[in-house]
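Read-outs throughout are calculated quantities, based only on the coordinates presented, and are distinct from any laboratory measurement. Keep in mind that what you see is a predicted model, and the values were worked out from it rather than measured. For neighbour counting, all protein chains shown are included, and Cβ atoms are generated from backbone atoms with ideal geometry for every residue, glycine included.
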Amino acid sequence: MKKLLITFLLTVFCFAGIANAKPEPRPTFDGVTVTAALHSGPFVNAWGPHVKRIKELYGINLELVGIPVNELYDKSILELSMGTGAYDIVQYNPGWVGDYIDFMRPLDDYMDRWDPGWMDIHEGFREWENTYGGQRVSLTMDGDVMIFYYNKNMFEDPKEMADFKSTYGYDLAPPANYDQVLDIQKHFQRDTDGDGTIDQAGYSDPIIKRGRGQYPYLMRLFAYQKEAGITPNYFDPDTMEPLINTPEGVKALQNYVDTVANGVPGMLQWEWSEAHTCFMTGKCASLIHWPDEGLMTAAFTANTGSAMGFADVPSKANMTCGGWVAGVTADSANPEAAYMVLDYILGPDVSTHVALYPGGGTDLFRQSHFDSAVVKMIAPQEYLDAFDSAIGDIVGELRIPGGFEYYDSLDIQVQKALAGEISAQEALDQAAENWKKITKSLGADKQKEMYAKAMGY
Ligand SMILES: [Ca+2]
Ligand SMILES: [Ca+2]
């Protein structure tokens with residue numbers, strides 16, 4: 001009893017201690033230079049306006065090094081692995097964390113002293129992007145997740161609704177699963193001007209082209225796994241046997257192949273902007289994409305005369321499909337100053353401005369962004385609700401060593417199936433073989449341990 005009472009008193013004391021702790025003032029670093037390696041273009045542009053203020057507040061000379069997105073991994077991994085100390089801050093995809101983690105500085109001690117508004121970061125991002133093996137290692141820069149967008153005029157047109165129902169036997173609506181995506185694709189796929197070429201698609205995936213084409217496959221894999229009552233997984237966590245060429249995996253890739261085959265010609269080469277433009281100009285009735293479009297409803301309505309609709313992705317199997325975080329490098333000569341830069345730009349106050357910077361590539365990632373009166377002036381509540389719900393459905397990226405290589409080898413095979421060169425089963429059997437080789441080369445036991453860590457098992 002006495003022991004319990006002491007425990008109780010200690011607990012009360014500890015909590016009181018935390019409650020009374022004053023936040024530590026942010027230090028200054030006169031004349032210190034902090035170099036940040038960022039995705040060139042949008043992120044450099046959005047961070048640029050804050051360089052002067054950081055100098056005034058902290059005395060830090062912030063230098064922004066823009067690297068083209070397709071060189072970001074290679075360039076920063078090279079500098080990090082050679083220990084050059086060239087970068088104090090690096091921007092990276094959470095899916096690369098398995099390769100980056102040994103070169104990054106855990107940030108728990110800094111975050112304890114100078115809270116970056118940690119609890120304000122959306123829980124899905126805190127869990128799947130910023131935390132790794134129980135340590136806080138990064139701050140989210142961009143709230144990437146997937147949303148199902150649709151053209152309300154097309155989906156709510158009485159004739160379209162009646163035709164759809166008579167053909168498919170159920171109501172035209174945002175798809176509950178990927179089989180329904182295929183129906184929607186087929187239904188709206190048309191040669192609208194009668195020139196013999198399909199010029200209207202029912203649906204587009206976010207990215208199809210070689211490079212990131214594995215993502216639409218993985219979202220479908222997780223969707224079919226969920227439908228079969230299986231917890232979404234890349235590997236069997238007990239054996240590290242790849243799950244990509246299972247019956248669910250084959251169904252997933254076949255659906256992706258069929259969807260693209262029913263799209264407009266040339267869709268195989270589509271990346272972010274082609275999919276975006278197709279939807280924004282009314283040539284695609286629906287789209288799964290990152291959250292950018294939701295802040296562009298005025299342009300959409302001006303182009304198409306329609307309101308923009310928002311829904312969960314099929315089977316609510318979501319991914320960040322990339323996404324961006326920033327961390328402090330382990331070989332930084334000025335890690336505290338580097339942290340202050342992240343804390344300032346990605347903290348609750350300034351990050352709202354960064355997120356609203358036109359073309360800045362930064363999607364909402366904090367609760368305070370969703371609650372912001374300025375954000376609410378631009379973004380429909382329906383969008384904010386769909387976005388918020390989507391973050392809660394995230395399946396983590398493949399955050400283990402070799403993450404980049406696993407994705408890349410999968411994408412190569414997915415592309416062959418999309419191009420009709422080999423069957424879905426053949427493509428995935430080959431990809432699974434390649435995954436096994438990668439796992440073996442990195443050490444199967446180590447990979448199993450890292451996979452458990454990454455998926456939070
Ligand atoms: Ca984004
Ligand atoms: Ca045509």
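Taking 2.2 N^0.38 Å as the expected size of a compact globular protein, what ratio does the Cα radius of gyration of the stretch 38-81 give against it, to two decimals? Kindly include the intermediate steps, with their values, before the conclusion.
Working: Rg = 12.4 Å, N = 44, 2.2 N^0.38 = 9.3 Å.
Against the compact-globule rule of thumb, the ratio is 1.34.
When the alpha carbon coordinates of the stretch 147-316 are projected onto the principal axes, the ranges are 53, 35, 33 Å, largest first.
Calculated translational diffusion coefficient of the chain (37 °C, 0.692 mPa s; Stokes-Einstein with Kirkwood radius over alpha-carbon pairs) equals 140 µm²/s.
Of the cross-linked pairs 75/448; 209/416; 186/316; 186/283; 165/251, those separated by over 20 Å at the C-alpha level are 75/448; 186/316; 165/251.
Between residue 63 and residue 277, residue separation times 0.36 nm minus the direct Cα-Cα distance comes to 73.7 nm.
Taking other Cβ atoms within 10 Å as a rough exposure proxy, 125, 365 sort from fewest to most as 125, 365.
Multiplying the residue separation of residue 78 and residue 353 by 0.36 nm and subtracting their alpha-carbon distance yields 95.8 nm. In the stretch 247-315, the alpha-carbon atoms span a convex hull of 98 Å³ per residue.
Could you list the square roots of 5 times each eigenvalue of the Cα gyration tensor of the stretch 292-375, that is, the equivalent ellipsoid semi-axes, sorted largest first and rounded to whole Å? Write out the running numbers ahead of the final one.
Working: eigenvalues 199, 55, 27 Å².
Those come to 32, 17, 12 Å.
Can you compute the FRET efficiency between residue 446 and residue 239 using 1/(1 + (r/R0)^6), with r the Cβ-Cβ distance and R0 = 22 Å? Round to the nearest 0.05. Step by step, r from the Cβ atoms, then E = 0.90. Sorting 404, 235 by the number of Cβ atoms found within 10 Å of their own Cβ, with the fewest placed first, yields 404, 235.
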